[in-house]
Amino acid sequence: METVVLQSLSKTYSGGKLAVRQVSLSLNQGEVFGFLGPNGAGKTTTVKLLNGMLSPTEGSCQVLGINPAKEPEKVHRVSGVLTEHAQMYDNMTGTQNLIFYASLFDIPSREARSRTESLLKRLGLENAGAKKLSAYSTGMRQRLSLARALIHQPRVLFLDEPTSGLDPESAQNVNQLIRDLAYREGITVFLCTHQLRYAQEICTRYGLIEDGTMLAEGTLEELRHDVLSDTVLKIRAEIMPAILPFRKSGENQYELDIHSDSEIPHLVRQIVEGGGDVYDVTAQKPSLEDIYFALTAKGKGEAM
Ligand SMILES: Nc1ncnc2c1ncn2[C@@H]1O[C@H](COP(=O)(O)OP(=O)(O)OP(=O)(O)O)[C@@H](O)[C@H]1O
Ligand SMILES: [Mg+2]
């Protein structure tokens, strides 16, 4: 089932900045979509369009069939959003904040209490519920914002940099939560992030945007196929026969770009026959980070 749909979505700000250009996309239920791109690429603008905080200049979008520009309240009932500056109340405790936001969604108070307790626990804030928000650290605030986005059990979750400012353990925790929400509870997650390694651990599909334009979209395998198909073969060997085209990358370390894993046995055999003892063979496929840099650099190259 398609849960989030963008059709030639474009946004020009009043000052004339074209922030999102003709972006088309469709997400299925339970997907964790990684929306990646450099600063100023148009990610937050897209999230704001999907939440009805901004209206498109051209094109349209739907969240569970609802047009956020026309019926933002309806979209807010079925979706949760975590943006950079979530509005919450400093003079209230974490628990009070969550219960207050639950009341805005008409959640009965007993249910609101139990959801609040369980979310605080899931986000490692069980000891912080009674503290005023003014005493929260950046990372605690960030996690409470995520709890707030989840209080009404949304079907779609928009997360703009959910792990920025979190320590590695909290970030892992949040990533595990995102994974559980998507895989176990079937929530669709639209995730803007710069943290490519985390993204590679939890996303099922990616979109790369730069300067408002989608550069590529697909699963990691699809992006590898379209953008960087080469595998780097890394070999640790005592001797490397000079006739082989390997480059030296360190002490007893050699590298070669190959197109297919089927090249590996023949290469290893040649090294051994040439008198080299092989200690380690690794076929390293391009990471999301490699693809990101190849694409964004290519985009810049074309623009020049
Ligand atoms: N309210 C606004 N008025 C005018 N221009 C804006 C406004 N908000 C954003 N922009 C511009 O639109 C472009 C896209 O910004 P956006 O915030 O969507 O980028 P982003 O991909 O979220 O970047 P980051 O990774 O830094 O969060 C940028 O050039 C930005 O300067
Ligand atoms: Mg942003």
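Heavy-atom accessible area for residue 236, with the other protein chains in place and a 1.4 Å probe, reaches approximately 100 Å². Once both labels are positioned 7 Å from their Cα atoms along Cα-to-Cβ, the gap between residue 105 and residue 255 label points is 4.7 nm.
The alpha-carbon positions of the range 230-285 define a convex hull whose volume is 68 Å³ per residue. Computing FRET efficiency as 1/(1 + (r/R0)^6) for residue 239 and residue 131, where r is the C-beta to C-beta distance and R0 is 51 Å, gives about 0.20. For residue 57, the residues 5 or more places off, or on other chains, whose built amide H falls under 5 Å of its own are 10, 11, 12. A simple count of charges around residue 187, restricted to other residues whose Cβ falls under 14 Å of its Cβ and scoring Lys, Arg +1 and Asp, Glu -1, yields +1. Each residue of the range 157-162 is assigned a 3J(HN,Hα), and the resulting list reads 10, 9, 10, 9, 6, x Hz, derived from the Karplus form 6.51 cos²θ - 1.76 cosθ + 1.60 (θ = phi - 60°), x at Gly and Pro.
Ordered by solvent-accessible area of protein heavy atoms (1.4 Å probe), largest first, the residues 248, 17 come out as 248, 17. Estimated from helical segments only, the mean residue ellipticity of the chain at 222 nm is -11000 deg cm²/dmol, where each DSSP H run of four or more residues counts as -39500 (n - 2.57).
Legend: calculated FRET efficiency, residue 229 to residue 197, from the Cβ-Cβ distance at R0 = 25 Å, rounded to 0.05, equals 0.75. Within the range 190-295, the GluC sites (Glu not before Pro) that combine a DSSP coil assignment with at most 13 other C-beta atoms in a 10 angstrom radius are 238, 251. How big is the gap, in Å, between the Cα center of the range 2-37 and the Cα center of the range 168-233? Centre-to-centre (Cα) distance: 16 Å.
Both radii are taken from the alpha-carbon atoms of the chain; with Rh as the Kirkwood radius, Rg/Rh is 1.08.
Backbone geometry of the range 178-191 corresponds, through the Karplus equation with coefficients 6.51, -1.76 and 1.60 at θ = phi - 60°, to 3J(HN,Hα) couplings of 4, 4, 4, 4, 6, 6, 8, 9, x, 7, 8, 10, 10, 10 Hz, x marking Gly and Pro. Within the shell of other residues whose beta carbon sits under 14 angstrom from the beta carbon of residue 57, the net charge comes to +3, with Lys and Arg scored +1 and Asp and Glu -1.
When a/c reaches 1.5 or more, the comparison of a/b and b/c decides; with that in mind, is the range 118-197 rounded, prolate or oblate per its Cα gyration tensor? Judged from the Cα gyration tensor, the range 118-197 comes out oblate (a/c at least 1.5, b/c at or above a/b). For the chain, the longest principal axis of the C-alpha atoms and the axis of helix 264-273 are separated by about 40°. Other residues whose C-beta falls under 14 angstrom from the C-beta of residue 248 contribute a net charge of 0, scoring Lys and Arg +1 and Asp and Glu -1.
The DSSP beta bridges internal to the chain are antiparallel in roughly 65% of cases. Scalar couplings 3J(HN,Hα) for the range 209-223, obtained by applying the Karplus form with A = 6.51, B = -1.76, C = 1.60 to θ = phi - 60°, are 10, 8, 6, x, 10, 6, 8, 6, 8, x, 6, 4, 4, 5, 5 Hz; x denotes Gly and Pro.
The values are calculated or read from the model by the stated rules, or taken from the named source; none is laboratory data. All figures in this text were calculated on a predicted structure; none of them were measured in a lab. So basically every Cβ, Gly included, is an ideal-geometry build from the backbone, and we count neighbours across all protein chains shown. Remember, those area values only see protein heavy atoms, side chains included, never the ligands or the DNA or RNA. Shrake-Rupley method; radii C 1.70, N 1.55, O 1.52, S 1.80 Å.
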